[in-house]
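Asks: Below: one structure in structure tokens.
The values are calculated or read from the model by the stated rules, or taken from the named source; none is laboratory data. In this text the structure is predicted, and so the values were computed from the model without any measurement. As a convention, Cβ positions derive from the backbone with ideal geometry for all residues, glycine included, and neighbour counts pool all protein chains shown.
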Amino acid sequence: MNDTFQGKVNPLGEEPIVRLIGKFAIPSIISMLVNAAYNITDQIFIGHVVGMLGNAATNVAFPVVTLTTAFAQLIGIGTASNFNISLGAKREEEAKRFVGTGLTLMSILGIVIMFIVLLFKTPILMLCGATENVLSYSQLYLGITAIGIPFLLFTTSASNLIRADGSPSYSMMCTLVGAILNVFLDWLFMFVFKWGIQGAAVATIIGQIVSFILCIGYFLKFKTFKIKMKMLGLRLKYVIKIIKFGTSNFINLSIMMVVNIVMNNTLTHYGALSIYGSDIPLAVSGVIAKLNSILAAFAVGLSQGCQPILGFNMGAKNYDRVKETYKKAVSFALVISVLAFLSFQLFPRQITSIFGTGDELYFQFAERYLRIFMMMTCIYGIQPLSVNYFTGIGNVRQGIVISLSRQGFFLLPLLFVLPMIFGIDGVLYAGPIADFMACVLSLTLVFRNFKKLTLTEGVEVSSCN
């Protein structure tokens with residue numbers, strides 16, 4: 001049983017913030033890195049075994065993974081946020097209903113998405129920018145990996161709830177075991193069995209199934225309360241609240257998917273008008289997307305690790321701890337972001353070569369893409385941290401605004417306008433401009449909220465006196 005319901009002090013409300021962030025965020029970051037590793041490992045093996053067209057194939061299939069992750073975060077973050085706020089407010093029955101409803105949604109949604117992807121596989125790939133040379137590879141890859149969507153969605157979503165229950169290390173282990181198995185099977189299926197791109201896809205599914213089984217095992221011994229069959233089901237009131245709290249993260253990832261699709265099509269169009277052709281920009285974009293997923297794993301993992309701390313202390317009206325959590329998290333994010341920025345600027349060719357082979361023109365474009373598009377990497381973590389800050393404290397509207405900012409308000413319009421003026425270089429410069437503008441907006445809204453919390457705290461203290 002959770003200490004909250006036994007009259008004892010919950011560590012989320014008492015332990016030092018830095019220690020709590022380390023306890024929750026490090027396993028969360030590792031879990032996110034492991035999720036990224038599924039796609040990155042496939043990209044590396046495919047890049048070396050199949051070559052540039054294989055990299056392009058995984059790139060055009062990647063929006064499906066992003067969409068699946070978006071729905072997983074919609075349910076996972078929404079369930080975990082409501083669960084933690086209920087715990088902080090000491091409403092045990094409400095917490096039970098959120099857990100039961102969330103687990104049911106996780107189970108149903110993955111199956112629905114799988115069938116849709118399998119039914120419309122080719123139109124989806126064409127929409128995502130598959131060229132004639134790339135289509136056959138991407139059909140093979142997506143046709144197999146789509147079967148793993150229910151397992152991927154459940155594991156990604158459930159990991160948020162497992163962390164919220166006070167088991168960040170177990171959440172990390174669920175994805176870590178599957179990822180290690182995936183790496184081994186990639187090598188076995190592609191280099192030993194010579195299965196090519198199909199081997200990478202099969203390895204991914206097996207890893208996802210193992211992670212799913214470990215998650216199911218956890219819910220049989222849930223810490224806070226025993227999960228019973230009667231708790232499961234779709235209760236409209238709780239579904240709406242889960243969706244409300246998870247919407248900002250869902251929008252952020254959904255817009256990322258749309259941007260990925262627009263970018264693929266823009267790169268192939270303007271690439272065909274340049275010396276690079278259509279396939280080189282598409283392949284390089286896939287590599288950069290995977291590198292970006294590593295950076296996102298740190299930023300999003302850190303922000304998700306802070307979510308239980310933010311949610312509990314907001315529910316308990318510990319506003320100083322809410323603000324301190326955000327400030328400390330931003331400090332950690334900036335350190336990671338600056339290190340990533342230096343790596344991308346100093347070693348672009350070496351980093352790109354990890355993902356496979358290509359001709360000199362391929363590497364020239366990759367260097368330009370990495371140095372220009374990732375120019376504002378040094379401030380990358382602030383936006384996702386701000387999204388989860390507002391989600392964690394229950395301020396959904398502000399979270400949605402920030403979710404839409406980088407990808408929707410700024411990057412999408414820039415991707416349409418700048419290439420019309422600067423050609424393919426316009427795509428590259430759109431990234432850093434959007435990053436900077438989103439960072440400014442995020443910090444403005446967060447510090448405005450800080451002032452509001454300070455005023456609220458003053459009013460509550462006065463009323464108590």
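Asks: Residues VAL210, VAL287: which one is modelled with pLDDT of 90 or more, among the hydrophobic types (A, V, I, L, M, F, W, C), assigned to a helix (DSSP H, G or I) and under 24 Å from the mean Cα position of the chain (by Cα)?
Replies: Just one listed residue meets the conditions, VAL210.
Asks: From LEU142, LEU181, LEU161, grab the single residue that is in a helix (DSSP H, G or I), closer than 23 Å to GLY305 by Cβ and either of a type outside the set (D, E, K, R) or modelled with pLDDT of 95 or more (or both).
Replies: LEU161
Asks: Is it the case that some residue within the range 291-300 is closer than 30 Å to THR456 by Cα and in contact with a Ser or Thr (Cβ under 9 Å, 6 or more places away or on another chain)? Walk me through how you get there before you give the answer.
Replies: Filtering the range 291-300 for residues closer than 30 Å to THR456 by Cα gives 299-300.
Pick out the ones that are also in contact with a Ser or Thr (Cβ under 9 Å, 6 or more places away or on another chain) and you get 299-300.
Checked the range 291-300: at least one residue is closer than 30 Å to THR456 by Cα and in contact with a Ser or Thr (Cβ under 9 Å, 6 or more places away or on another chain).
Asks: Could you list, in sequence order, the residues of the range 219-275 that are of a type in the set (Gly, Ala, Ser) and part of a helix (DSSP H, G or I)?
Replies: Result: GLY246, SER248, SER254, GLY271, ALA272.
Asks: So, one more: Would you check if SER138 is within 26 Å of ASN252 (Cβ to Cβ), touching a Cys at 6+ places or on another chain (Cβ under 9 Å) and buried (at least 20 other Cβ atoms within 10 Å of the Cβ)?
Replies: Against the criterion (within 26 Å of ASN252 (Cβ to Cβ), touching a Cys at 6+ places or on another chain (Cβ under 9 Å) and buried (at least 20 other Cβ atoms within 10 Å of the Cβ)), SER138 qualifies.
Asks: Which residues, taken from the range 10-45, are over 24 Å from THR156 (Cα atoms) and either at pLDDT 75 or above or assigned to a helix (DSSP H, G or I) (or both)?
Replies: PRO11, GLY13, GLU14, GLU15, PRO16, ILE17, VAL18, ARG19
Asks: Where in the range 324-392 are there helices (runs of 4 or more DSSP H), lying wholly inside it, with at least 1 residues that are over 22 Å from ASN249 (Cβ atoms)? Lay out the reasoning, then the answer.
Replies: On the way: elements: 348-353, 360-373, 382-392.
Correct list: 348-353, 360-373.
Asks: How about the range 141-171: which of its residues are touching a residue at least 60 places away in the same chain (Cβ under 8 Å), surrounded by fewer than 24 Cβ atoms within 10 Å (Cβ to Cβ) and β-branched (Val, Ile, Thr)?
Replies: ILE144
Asks: Among (1) at negative phi; (2) in contact with a Phe, Trp or Tyr (Cβ under 7 Å, 6 or more places away or on another chain); (3) surrounded by fewer than 24 Cβ atoms within 10 Å (Cβ to Cβ), where does GLY423 come up short?
Replies: (1)
Asks: Any residue in the range 403-412 that is at pLDDT 90 or above, buried (at least 16 other Cβ atoms within 10 Å of the Cβ) and farther than 28 Å from ALA80 by Cβ?
Replies: Looking through the range 403-412, at least one residue is at pLDDT 90 or above, buried (at least 16 other Cβ atoms within 10 Å of the Cβ) and farther than 28 Å from ALA80 by Cβ.
Residues are listed down the side, and each one gets a yes or a no for (1) within 21 Å of GLY78 (Cβ to Cβ); (2) of a type outside the set (Lys, Arg):
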{"residue": "ALA366", "(1), (2)": "no, yes"}
{"residue": "GLY399", "(1), (2)": "yes, yes"}
{"residue": "ILE402", "(1), (2)": "yes, yes"}
{"residue": "ARG448", "(1), (2)": "no, no"}
{"residue": "LYS452", "(1), (2)": "no, no"}
{"residue": "THR456", "(1), (2)": "no, yes"}
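Asks: While we're on this one: Can you pull out every residue in the range 437-449 that is surrounded by fewer than 15 Cβ atoms within 10 Å (Cβ to Cβ) and in contact with a helix residue (DSSP H, G or I) (Cβ under 7 Å, 6 or more places away or on another chain)?
Replies: Initially, the range 437-449 is screened for residues surrounded by fewer than 15 Cβ atoms within 10 Å (Cβ to Cβ), giving 440, 444, 447-448.
Matches in the range 437-449: none.
Asks: So GLY246 ticks every box in (1) over 20 Å from ALA146 (Cα atoms); (2) surrounded by fewer than 22 Cβ atoms within 10 Å (Cβ to Cβ); (3) at pLDDT below 90 but one. Which box is left unticked?
Replies: Evaluating GLY246 over (1) over 20 Å from ALA146 (Cα atoms); (2) surrounded by fewer than 22 Cβ atoms within 10 Å (Cβ to Cβ); (3) at pLDDT below 90 leaves (2) as the failure.
Asks: Just checking, how many residues over the range 70-106 are modelled with pLDDT under 95 and surrounded by fewer than 19 Cβ atoms within 10 Å (Cβ to Cβ)?
Replies: Summing the residues that are modelled with pLDDT under 95 and surrounded by fewer than 19 Cβ atoms within 10 Å (Cβ to Cβ) in the range 70-106 gives 6.
Asks: Residues of the range 246-272 being in contact with a Gly (Cβ under 7 Å, 6 or more places away or on another chain) and over 14 Å from PRO63 (Cα atoms), which ones? Write out each step before concluding.
Replies: Within the range 246-272, the first condition is being in contact with a Gly (Cβ under 7 Å, 6 or more places away or on another chain), and the residues that meet it are 246, 248, 255, 261, 264-265, 268, 270-271.
Answer for the range 246-272, where residues must be in contact with a Gly (Cβ under 7 Å, 6 or more places away or on another chain) and over 14 Å from PRO63 (Cα atoms): GLY246, SER248, THR268, TYR270, GLY271.
Asks: For ILE280, indicate whether it is in a helix (DSSP H, G or I), of a type outside the set (Asp, Glu) and farther than 25 Å from LYS451 by Cα.
Replies: Yes; evaluated as a whole, the condition is true for this residue.
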